[in-house]
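To start, the structure under review is shown below, and the notes come after it.
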Amino acid sequence: MAENIRVRFAPSPTGKVHIGNIRAAIFNWLYARHVGGTFLLRVEDTDLERSTPEAIEALLDCMRWLRLDWDGEILYQTSQRAHHLEVAEELLRKGLAYKENKGGQGECVIFRMPKEGVIEYDDLVKGHMKKKAKDTQDFVIVRSDGSPVFHLANVLDDITQGVTHIIRGDDHVENTFKHIMLFRALGAPVPRYAHLPMIVNAAGKPYSKRDGSAFVGEFREQGYLPDALFNYLALLGWAPGDDRELMTRDEMVQAFDFAKCKASPARFDMRKLTWMNGEYIARQPRPAFEAEFDARLDRAGLPRTPLNGHRDALLDQIQPRTKTYADLPANCAWFFAETYPFDDKAVAKRLHAPGTPDLLDQAAAALGPLPDFSPQTTEATITALAESHAAKLALYVHPIRVAVTGRAEGPGLFETLWLLGRERTLARLRDTAAKLREGTL
Ligand code: GLU
């Protein structure tokens, strides 16, 4: 039975791939791989204005990036046009459809819906679904310009391609009642349906580009890893039923089950995705991390060679702390360039207290004569300095970090000082103190 399961991802390419859309691809893929079935890619390219070759390429690119490999050739909907129109004729001949002149623009072909009874089906995610026939309406299947409408093309392709399970967003639930009647009219078995819950924002409204990044390309650009995005999107509407969240592809394929899919809306949580991405970055093999790291430095116009050597040591510190690659250049500029940007918030929070310039000067004076600049030595020195002023260590640590890196977060402070070296550390402490006194920071 399993090998006969055929699913398809049937996007209408528009140039940008929405996460809701690709989540449908992910669920189709997971289910097909779980049951050892077939995962088809059908490009619903009937909207010739939007389905340009570029839009189709953007879609394929996105599928490849996420390693959503499909089985067999790509199926293009427009190639089936003649067949779609033939079948519409057949429905007309059988009296299951009729012609009507809509708005004086020519004749459309209209499919006849039942006038009584109920249309019902069991949704693999939403459970039993039904609609009274009297609440449905006849609908156009061929437009007056002779082009087949989505409903007809979509159902016919599913029949021709032997699709057994239709997994798609629940914005299609209403269409499903129409489609079921089309399958029946055409004497074809009605496939199983799984309608995936809507992806919503924190307010429970459909997640859109106004809520933040909504297209796969944007996540890619911002330095999210495809495996992290895949993992996160797989959990929007599905959970393995235990506490697992970080899962490999194989684990997800194994555990995937419609019985564990939720019908309630799935909230898109950027912070969780970012956390997950950080976990994936931390586990990346170093060469992969390094390649992306370098690419980001290049694009930011930063040299690849640090000011003070210690590149591997920096990578050891940075890799487990990186949440997205987009953050990298700003997070590391202090290490690669003499002039580094200061984060406004960090400056306001850590450097604007009245005594800060003096405190930075004290630190420079204490660190200057040290015999070595190891993290242990600098830590002992700053600890002693804080004690001698009856102050907490944190009172020194935070301003020093912002002074020498421009950032509130990063590797441990004493590792940071060692990475920078004595000369640069002292210069930066004094420079920052001077700028604060001048009021230029
Ligand atoms: N082209 C339709 C869409 O992208 C297909 C829906 C379906 O999967 O049947 O919404």
Go through the range 1-21 and count every residue that is assigned to a helix (DSSP H, G or I) and more than 11 Å from the ligand (Cβ to nearest atom).
4
Flag for G72 being within 30 Å of F230 (Cα to Cα), among the small types (G, A, S) and either out of contact with any Pro (no Cβ under 8 Å at 6 or more places or on another chain) or surrounded by 18 or more Cβ atoms within 10 Å (Cβ to Cβ) (or both):
yes
Kindly check whether there is at least one residue in the range 31-41 that is more than 15 Å from the ligand (Cβ to nearest atom), within 23 Å of W238 (Cβ to Cβ) and surrounded by fewer than 13 Cβ atoms within 10 Å (Cβ to Cβ).
yes
Quick check on this structure: which one of R67, R6 is closer than 22 Å to Q254 by Cβ, crowded, with 16+ Cβ neighbours inside 10 Å and of a type in the set (D, E, K, R)?
R6
The number of residues in the range 77-127 that are assigned to a strand (DSSP E or B) and within 30 Å of P11 (Cβ to Cβ) is 11
Given (1) within 16 Å of the ligand (Cβ to nearest atom); (2) closer than 26 Å to Y232 by Cα, identify the lone condition not met by E57.
(1)
Quick check on my filter: what residues within the range 141-171 are within 13 Å of the ligand (Cβ to nearest atom), among the polar types (S, T, N, Q) and in contact with a His (Cβ under 9 Å, 6 or more places away or on another chain)?
N154
In the range 87-144, the residues that are of a type in the set (G, A, S) and over 42 Å from the mean Cα position of the chain (by Cα)
G95, A97, G103, G104, G106, G117
Looking at (1) modelled with pLDDT of 95 or more; (2) more than 16 Å from the ligand (Cβ to nearest atom), find the lone condition where G106 falls short.
(1)
Taking A295 as the residue in question, decide whether it is touching a residue at least 24 places away in the same chain (Cβ under 8 Å), open to solvent by less than 60 Å² (accessible area, probe 1.4 Å) and either small (G, A, S) or in contact with a strand residue (DSSP E or B) (Cβ under 7 Å, 6 or more places away or on another chain) (or both).
no
Note on P306: of the conditions (1) surrounded by fewer than 17 Cβ atoms within 10 Å (Cβ to Cβ); (2) assigned to a loop (DSSP other than H, G, I, E, B), unmet is (1)
Just to check your reading of the model, which residue among R401, R422, R430 is under 20 Å from L314 (Cβ atoms) and in contact with a helix residue (DSSP H, G or I) (Cβ under 6 Å, 6 or more places away or on another chain)?
R401
Checked the range 175-208 for anything open to solvent by 70 Å² or more (accessible area, probe 1.4 Å) and in contact (Cβ under 8 Å) with a residue 24 or more places away in the chain; matches are R192, M198, A202
Answer from G146, G241 - the residue that is open to solvent by less than 50 Å² (accessible area, probe 1.4 Å), among the small types (G, A, S) and on the phi > 0 side of the Ramachandran plot:
G146
How about the range 274-290: which of its residues are of a type in the set (A, V, I, L, M, F, W, C) and open to solvent by less than 60 Å² (accessible area, probe 1.4 Å)?
M276, I281, A282, A288, F289
Are any residues in the range 150-174 of a type in the set (V, I, T), open to solvent by less than 20 Å² (accessible area, probe 1.4 Å) and either over 14 Å from R42 (Cα atoms) or under 27 Å from the mean Cα position of the chain (by Cα) (or both), and if so, which ones?
I166, I167, V173
Mind checking whether some residue in the range 349-361 is buried (at least 18 other Cβ atoms within 10 Å of the Cβ), of a type outside the set (F, W, Y) and within 30 Å of M276 (Cβ to Cβ)?
yes
Which of the residues belonging to the range 406-418 are more than 14 Å from E379 (Cβ to Cβ) and crowded, with 18+ Cβ neighbours inside 10 Å?
G406, R407, G410
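The values are calculated or read from the model by the stated rules, or taken from the named source; none is laboratory data. Everything numeric here is computed off the predicted structure, so don't read it as measured data. Glycine also receives a Cβ, built like all others from the backbone with ideal geometry; neighbour counts cover every protein chain displayed. Heavy atoms of the whole protein, side chains included, go into the accessibility calculation; ligands, DNA and RNA do not. Shrake-Rupley method; radii C 1.70, N 1.55, O 1.52, S 1.80 Å.
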